[in-house]
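Report on the following structure.
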Amino acid sequence: MWESMGVEVVYLSHDVFYKHFAGARHIERPERLRAVEEGVTRSGLDIQAVVPHPADRAALLAVHDQNYIDALREFCLSGGGSIDSDTHAVTETWEASIRAAGSGLTAIPLLGGGGVAMAAVRPPGHHATANRAMGFCFLNNVAVAVAHLRGQGRKVAVVDWDVHHGNGTQEMFGDDPDVLYVSIHQAPFYPLTGHIEDIDLGEGTIVNLPVPIGTGGDLYRRAFSELIEPIITQFRPDWLLISAGYDAHVSDPLGGLRLVAADYGHMSARLRELLPEVPAIVFLEGGYDLEALASGVDATLRGLGGVEQFSDEADGATSPDAAFRALEVAKEYAARFWSL
Ligand SMILES: [Zn+2]
């Protein structure tokens with residue numbers, strides 16, 4: 001049965017995350033958190049359950065506009081409603097949002113070298129911009145943590161493997177040379193941002209790899225070994241933050257990619273091997289198939305916890321040629337900033 005492996009995961013969760021309710025038929029639903037919890041348990045890591053404290057106003061102001069914060073609070077506390085066709089709030093969305101945004105801040109002082117935290121939060125965050133809620137996101141959870149770490153002079157790598165591009169995060173830190181933002185995402189797809197050429201907006205620190213529908217773990221492995229791993233090694237982050245959506249999983253009802261749980265394990269294990277002493281925080285973003293969420297979180301934590309090696313061979317995936325062509329283009333652009 002359950003067997004501890006001596007590696008601990010700081011697990012950030014709160015009842016209020018279940019109370020953000022986006023609508024009866026909305027796929028971004030509270031049950032997703034139970035699946036994440038199941039994944040954490042399955043991983044066999046020791047669990048240190050921690051209550052995330054709300055991000056305070058100063059922490060939010062580091063990435064969001066004052067008027068936006070005030071308007072969002074007022075909107076939620078007066079009962080909520082629809083912000084756009086797929087982003088809906090209820091009263092509890094405010095407290096859920098500020099605790100989700102505070103989860104990274106709560107985890108940071110608890111993590112030493114090589115430590116791992118899982119922020120099992122709703123609503124997700126990576127689409128939220130400085131002044132706009134969109135794509136199920138209200139406050140940018142990972143960005144609040146990035147800003148805090150930057151305030152401490154730390155270099156931060158954000159790896160975003162959600163099937164969607166994290167437009168909000170890129171927009172907030174694209175011009176900071178001490179924040180590396182890496183995203184593999186389906187394209188063309190919501191929110192239609194995340195181009196390879198964006199690398200020219202920063203100092204090589206915006207690394208986007210848009211891939212076509214049908215792309216799977218074979219391409220992700222090659223992208224890691226030929227593009228992402230060399231860049232992360234040269235960037236030398238002090239912290240690793242993962243925008244962990246599981247909607248690139250083959251079972252996901254929204255995404256069109258073909259990852260399996262072992263692919264998340266492989267990416268995590270590679271990151272751990274490259275950055276053995278770097279603390280890592282995993283932020284839940286998207287992912288709408290419950291078993292994909294559970295198995296993906298399980299594999300992520302075993303990979304990051306260093307308790308399992310995952311095969312270098314993808315499980316039968318054969319990505320479209322266009323995915324490999326996109327990788328070659330991304331490598332050409334990146335080679336102007338990094339040794340690949
Ligand atoms: Zn997503």
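The values are calculated or read from the model by the stated rules, or taken from the named source; none is laboratory data. Predicted model, so just to flag it, every value in this text is computed and none were measured. Counting neighbours? That spans all protein chains shown, and the Cβs are built from the backbone with ideal geometry, glycine included. Surface areas here come from the heavy atoms of the whole protein model, side chains and all, with no ligands, DNA or RNA. Shrake-Rupley method; radii C 1.70, N 1.55, O 1.52, S 1.80 Å.
I'd like the full set of residues that are at pLDDT below 95 and charged (D, E, K, R), limited to segment 152-175.
Residues of segment 152-175 that are at pLDDT below 95, as a first pass: 174-175.
The answer is D175, and nothing else.
Please verify whether segment 122-137 includes one or more residues that are surrounded by fewer than 20 Cβ atoms within 10 Å (Cβ to Cβ) and away from the ligand (no atom under 16 Å from the Cβ).
Yes, there is a match, as at least one residue in segment 122-137 is surrounded by fewer than 20 Cβ atoms within 10 Å (Cβ to Cβ) and away from the ligand (no atom under 16 Å from the Cβ).
Can you pull out the residues in segment 83-99 that are at pLDDT 95 or above and either of a type in the set (G, A, S) or within 18 Å of P52 (Cβ to Cβ) (or both)?
A89, E92, T93, W94, E95, A96, S97, I98, R99
Looking at (1) under 28 Å from A96 (Cβ atoms); (2) open to solvent by 20 Å² or more (accessible area, probe 1.4 Å); (3) touching a Gly at 6+ places or on another chain (Cβ under 6 Å), which is the one condition that is false for L192?
With (1) under 28 Å from A96 (Cβ atoms); (2) open to solvent by 20 Å² or more (accessible area, probe 1.4 Å); (3) touching a Gly at 6+ places or on another chain (Cβ under 6 Å) applied to L192, the lone miss is (3).
Could you go through segment 203-211 and let me know if any residue there is more than 15 Å from the ligand (Cβ to nearest atom), more than 24 Å from V40 (Cα to Cα), in contact with a Lys or Arg (Cβ under 6 Å, 6 or more places away or on another chain) and open to solvent by 10 Å² or more (accessible area, probe 1.4 Å).
For segment 203-211, residues more than 15 Å from the ligand (Cβ to nearest atom), more than 24 Å from V40 (Cα to Cα), in contact with a Lys or Arg (Cβ under 6 Å, 6 or more places away or on another chain) and open to solvent by 10 Å² or more (accessible area, probe 1.4 Å): absent.
Being away from the ligand (no atom under 16 Å from the Cβ) and open to solvent by 10 Å² or more (accessible area, probe 1.4 Å) is the filter here; which residues of segment 212-230 pass it? First the steps, then the outcome.
Restricting attention to segment 212-230, the residues satisfying the condition of being away from the ligand (no atom under 16 Å from the Cβ) are 212, 214, 216-219, 221-230.
Of everything in segment 212-230, those that are away from the ligand (no atom under 16 Å from the Cβ) and open to solvent by 10 Å² or more (accessible area, probe 1.4 Å) turn out to be P212, G214, D218, R221, R222, S225, E226, E229, P230.
Taking helices (runs of 4 or more DSSP H) that fall entirely within segment 1-115, which contain at least 1 residues that are closer than 21 Å to R150 by Cβ?
On the way: elements: 31-42, 57-61, 66-77, 93-107.
Those helices (runs of 4 or more DSSP H) span 57-61, 66-77, 93-107.
For segment 249-257, indicate whether the set of residues that are closer than 30 Å to Q152 by Cα, in contact with a strand residue (DSSP E or B) (Cβ under 7 Å, 6 or more places away or on another chain) and touching a residue at least 12 places away in the same chain (Cβ under 8 Å) is non-empty.
So in segment 249-257, the residues closer than 30 Å to Q152 by Cα come out as none.
The answer is no; no qualifying residue exists.
Looking at segment 78-111, which of its residues are acidic (D, E) and crowded, with 17+ Cβ neighbours inside 10 Å? Quick ask: steps written out before the conclusion?
First, the residues of segment 78-111 that are acidic (D, E): 84, 86, 92, 95.
Within segment 78-111, E92, E95 meet the criteria.
Somewhere in segment 316-326, is a residue modelled with pLDDT of 95 or more, touching a helix residue (DSSP H, G or I) at 6+ places or on another chain (Cβ under 6 Å) and on the phi < 0 side of the Ramachandran plot?
Looking for residues that are modelled with pLDDT of 95 or more, touching a helix residue (DSSP H, G or I) at 6+ places or on another chain (Cβ under 6 Å) and on the phi < 0 side of the Ramachandran plot, one finds at least one in segment 316-326, hence yes.
Determine if segment 39-57 includes at least one residue that is modelled with pLDDT of 95 or more, closer than 15 Å to L139 by Cβ and more than 20 Å from the chain's Cα centre (by Cα).
yes
Which members of segment 151-188 meet the condition of being surrounded by fewer than 18 Cβ atoms within 10 Å (Cβ to Cβ) and touching a strand residue (DSSP E or B) at 6+ places or on another chain (Cβ under 6 Å)?
Listed by number, the residues that qualify are R154, G174.
Which count do you get for residues in segment 165-220 that are outside any strand (DSSP E or B) and aliphatic (A, V, I, L, M)? Give the steps one after another, and end with the answer.
First pass over segment 165-220, keeping only residues outside any strand (DSSP E or B): 165-178, 187-205, 212-215, 217-220.
Cutting the leftovers down to aliphatic (A, V, I, L, M) gives us 172, 187, 192, 196, 199, 201, 213, 219.
Residues that pass the stated criteria total 8.
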